[in-house]
Amino acid sequence: MSKLTDLRAKIVVNVEGYLSLNKYDVDESNAHIELVADPSDDEFAKLMLVCPAGLYKVDEGGIKSFDYAGCLECGTCRIACGDTIIRRWENPQPTMGIEHRFG
Amino acid sequence: MSDFEAIVVGSGCAGSIAAYELAQAGKSVLVVERGNFAGAKNMTGGRIYSHALEKVFPNFRGEAPLERRVACERISMMTEDANVTMDFGSQDMLKDGQDSYTVLRAPFDQWLASKAEDAGAEYINGIAVEDIMKDGTRVVGVRAGEDEITADVVLLCDGVNSLLASKAVGAQRPPASAVAVGVKQTVELPTSVITDRVLANSDKEGAAWLFSGYPTQGTFGGGFVYTNKDSVSLGLVAGIEATMNCGKVPVYQMLEDFKKHPVIAALIRGGKVVEHSGHMVPEGALNIMPELTGDGVLLAGESAMMCVNLGYQVRGMDYAIAAGQMAGEHAAKALSSGDTSKVGLQGYIRALEDSFVLKDLRQFQRVPGFMEGFGRMFDGYPQMVRDMLNKIFIVDGSPVPPMKKSMLPIVKRMGIMNVLKDTRGVMRTL
């Protein structure tokens, strides 16, 4: 088992279920966060740990994926890996992204 | 001739108050907010200490969308299998100017924005400031969408994740060691159920509750609960560097585990999660504070890293409101005198220096470094206290040894020198 699949095995909560309760207007045409082409496992594992939305994922086979759609726009990944595997971090287009009803 | 005398970027606590002050002083001011409404992108734990807000809006208690007045402070040390809580309430903490309230930012910030708008500030929501316009070293306006809008002074109040502060004043991106990530769920429950479960005296009063230990599963950080009118704000704050290097599970899994702890499970039983949110908390205080002024620009609130987390107390919004007020007031003065250069805006810095804002941030300057090295607070001490209280409270019929004999081994496991050192460290740091 790799570091990433080890970590995956410890995640039992369905965070997507929680994200689905949020109000979003997803900008399908523009990814506001971009990763480098081949992110290292070590750096990716950091983002799996700190992203509060669980957007940095790995499947059973250890294949990494990232989906900006559920982003909470906190900026944590930019602080954690802004010098390593986060290539670009912008806010979503205005009016797009998350809209807090409570905050 | 500029389009506006002042532009405020971001409509949170600092931005709305600054805009309000500028408008009150008769200045033309535009607020640009990237969310569809003020508060749409904002999040707090959270509780606001009222003293700074009261200075701007003496009648806020009757007007603002406050959730509950905090009548009960709780601090817990939690392990997976135990929890010990200190529960404090006093008449003094309810007095005007010493009172604090739980709030939700979507409604609260809309109210703040309405105050600024009523005072004459112009608002555009749903437009993002994408860039700062400069003429040499001087900030002369903002680029928002297709538009270039000029102003004699720009107030950057765009929050902890400011993408503009580096161009405006050369701010560095703060290091992962100086910032924490907060993850929160808003859990809906009937008003009276919340009142009963936290033993509040009425539906207008509630609790603020902080936890160390199990919420972050031994790494740097802590959990929180704030009771709103008909919801509970429940979450945790975890140091980014500590978590990315030493975390065992992701922060959202920590939150889920925290929710399953018997103490929290009993509090939110039957509740419905209605929102899952995240926000960074700047914990580096003065060490990561950018330049607060430049030619034609000043910063207030979280874009200036104005926040303090002492473990038993978390503050940000009262600093933002006070700084926003001073920023607005001194930007207006600078506009009147015709000098909004860095020198002309010095009044803002002096006002901050003379106020609790920079005095507190200076006072607590050593807290972040100390807390980071204070691993025992997130792991060892909660376990030590659990073991001691187990010895005191559990009766199983076996002969009871002298207290000294049962307690000493527990303290020794932690190391008596460590306990003494940490006690001294806490005293020195605070």
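Using the Kirkwood formula on the Cα atoms of chain B, what hydrodynamic radius do you get, in angstrom to one decimal?
The Cα-based Kirkwood calculation yields 22.7 Å.
Could you grab the relative contact order for chain B? Cα pairs under 8 Å, six or more apart, rounded to a whole percent.
Relative contact order, chain B: 20 percent.
To the nearest 500 deg cm²/dmol, what mean residue ellipticity at 222 nm is calculated for chain A from DSSP H runs of n ≥ 4 alone, each contributing -39,500 (n - 2.57), summed and divided by the residues?
Taking each H run of at least 4 residues, the total per residue is -7000 deg cm²/dmol.
Out of B:THR227, B:GLY338, B:MET93, whose Cα points farthest toward the positive end of the dipole of the protein assembly as shown (charges: +1 Lys, Arg; -1 Asp, Glu; placed on Cβ)?
My answer, from the dipole projection, is B:MET93.
From the square roots a ≥ b ≥ c of the eigenvalues of the alpha-carbon gyration tensor of chain A, which class results: rounded (a/c under 1.5), prolate (a/b over b/c), or oblate?
Oblate shape, in that a/c is at least 1.5 and b/c is the bigger or equal ratio.
If you scale each eigenvalue of the Cα gyration tensor by 5 and take the root, what three semi-axes come out for the protein assembly as shown, rounded to whole angstrom and sorted largest first?
39, 27, 22
Picking from B:VAL29, A:CYS51, B:ALA266, whose Cα lies most toward the positive end of the charge dipole for the protein assembly as shown (charges on Cβ: Lys, Arg +1; Asp, Glu -1)?
Positive-end residue among those listed: B:ALA266.
What does the charge dipole of chain B about its Cα centre add up to, to the nearest 20 debye, if the Cβ of each Lys and Arg holds +1 and the Cβ of each Asp and Glu holds -1?
Here the size comes out at about 2000 debye.
Any idea what Rg and Dmax come out to for region B:42-188 if you just take the C-alpha atoms, in Å?
Using the Cα atoms of region B:42-188, the pair Rg, Dmax is 20.1, 61 Å.
Across chain A, where is the longest run that never hits GluC sites (Glu not before Pro) in a DSSP loop with at most 15 other C-beta atoms within 10 Å?
By the stated rule (loop sites, at most 15 other Cβ atoms within 10 Å), A:29-59.
Please work out whether region B:183-305 counts as rounded, prolate or oblate from its C-alpha gyration tensor, where a ≥ b ≥ c are the square roots of the eigenvalues and a/c under 1.5 means rounded, while otherwise a/b larger than b/c means prolate and anything else oblate?
Cα axes put region B:183-305 in the oblate bin.
Can you compute the charge dipole magnitude of the protein assembly as shown about its Cα centre, using +1 on each Lys and Arg Cβ and -1 on each Asp and Glu Cβ, nothing else charged? Give it in debye, rounded to the nearest 20.
For the protein assembly as shown, the charge dipole is close to 2340 debye.
Find how much the distance from B:ARG366 to B:LEU286 grows on full extension, using 0.36 nm per residue of separation minus their present alpha carbon separation; answer in nm with one decimal.
Between B:ARG366 and B:LEU286, full extension yields 27.9 nm more.
Check every DSSP H run in chain B and write down those whose alpha carbon atoms cover 15 angstrom or more along the long axis and whose mean Kyte-Doolittle hydropathy is -1.0 or greater.
For chain B, where a helix must reach 15 Å along its axis and average at least -1.0, the hits are B:13-24, B:105-118, B:317-337, B:380-393, B:403-414, B:416-429.
On a full-extension model of 0.36 nm per residue, what is the gain between B:LEU94 and B:VAL263, subtracting their alpha-carbon distance, rounded to one decimal in nm?
58.2 nm
Residue farthest toward the positive end of the dipole of region B:96-187, with Cβ of Lys/Arg at +1 and Asp/Glu at -1: which of B:GLY170, B:VAL142, B:LEU155?
B:GLY170
State to the nearest 20 debye the size of the charge dipole of chain A about its Cα centre, where the only charges are +1 on K and R beta carbons and -1 on D and E beta carbons.
300
Please label the shape of region B:230-271 as rounded, prolate or oblate, based on the square roots a ≥ b ≥ c of the eigenvalues of the alpha-carbon gyration tensor (a/c under 1.5 means rounded; beyond that, a/b larger than b/c means prolate, else oblate).
Note, shape of region B:230-271 comes out prolate.
Work out how much length B:ASP3 to B:LYS272 would gain on full extension: take 0.36 nm times their residue separation and subtract the Cα-Cα distance, in nm to one decimal.
Extra length available between B:ASP3 and B:LYS272 comes to 92.1 nm.
With only alpha-carbon pairs counted, each pair once and no self-pairs, how large is the Kirkwood hydrodynamic radius of region B:349-430 in angstroms?
It is 15.6 Å.
Say each of B:LYS229 and B:GLU80 gets a label point 7 Å from the Cα, pointing the same way as Cα to Cβ; how far apart are those two points in nm?
Taking the two extended label points, one gets 4.1 nm.
Where in region A:33-103 are there chymotrypsin sites (Phe, Trp or Tyr not before Pro) that are in a DSSP coil and have at most 14 other Cβ atoms within 10 angstrom of their Cβ?
none
Would you mind pulling out the separation of the Cα centroids of region A:1-66 and region B:354-396, in Å?
Each part's Cα centre sits 32 Å from the other's.
Taken together, the values in this text are just the output of simple stated rules run on the coordinates, not laboratory data. Since this is a predicted model, take the numbers as computed values, not measurements. No Cβ is skipped: glycine too gets one built from the backbone with ideal geometry, and neighbour counts run over all protein chains shown.
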